[in-house]
Amino acid sequence: MATKEMSFLDHLEELRWHLVRSFAAIFIIAIAIFANINFVFDKILLAHLQPDFSTYQFFCKAFSAISIDSSFCNITFKQTLQALNPTQQLMTAIWSSLVLGFVISFPYMLWEFWRFVAPGLHTTERKKSRGFIFTASLLFFLGVLFSYYVILPMSVYFFYNFEISTAVENNFKLDAYISLITNTILGVAVFFELPVVIFFLARIGLVTPQFLRKYRKHALVVVLILSAIITPPDVASQIIVSVPIMILYELSIYVASFVLKKQLKNAPKSPRV
């Protein structure tokens, strides 16, 4: 049965409903999170301020195993976060609920996006794109876990213990601290979507594997700079952050090569003269 051709306005109307359902999912999850906001803050968003956080314990045991004294074994966070205006705690709770609502509903939003695009694809393209939601979601949540268990513990530990003078005391604002947590989680999670982005750029011819290989060294420099910005300024932390990102870059080269080979294979052969 042939599908009725839709006009431009029909497409806009269809897109509007996909967006409405996506935002509804975010708000529904955000409301559920806000209803349990005390648990979310104590056990998730402020967990890096606990000396027994799993990452600190891991580094403590790892350094102890090789007989190296580590400050991770006796971490203390004496300072408390400050709310400097009457609405700050409420607004921070609302914003955090929305961000976490976006994170949790990410696979559903991808599904809505695929439902909007799928009718315009051929049957073979539709079958091949079914793994898109799973792959993109997996990479996204790997980025969330990597930022939460690797980048954020090191960043929080560094910023709480760094001082330029004993005359200066670290008293961080609540909204600034939560912004560090949420921005890092979202930024790293989106960055982990690099192979998916490269796949689509390669499909439309904007990126080639040759281009990615040619600028591999430049990408390494950019990654090291970004690692220096989002992690404490020591070599170990930069390496811990840089290695997974460069692995994603190498994976992106493989993805671009795969797309190029498929395109060459499926390209119509020119007739012999």
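With both labels modelled 7 Å from their Cα along Cα-to-Cβ, the Ile44 to Phe258 distance reads 3.1 nm. Across the range 193-265, the mean sequence separation of Cα contacts (distance under 8 Å, 6 or more residues apart), normalised by length, yields a relative contact order of 52 percent.
Each of Leu12 and Met246 was given a label point 7 Å from its Cα along the Cα-to-Cβ line. The distance between the two points is 4.9 nm.
Within the shell defined by Cβ-Cβ distances under 12 Å, the residues around Phe106 carry a net charge of -2, with Lys and Arg each +1 and Asp and Glu each -1.
One chain, two ends: Tyr215 and Ser54. Fully extended at 0.36 nm per residue, the span grows by 54.3 nm beyond their Cα-Cα distance. With each label modelled as a point 7 angstrom along the Cα→C-beta vector, the Ala32-Ala65 pair spans 3.7 nm.
Quick note: the coordinates plus some simple rules give every number you see, no bench work behind them. This one's a predicted model, so the numbers in the text were calculated from it and none came from an experiment. Cβ: placed from backbone, ideal geometry, glycine included. Neighbour counts: every protein chain shown.
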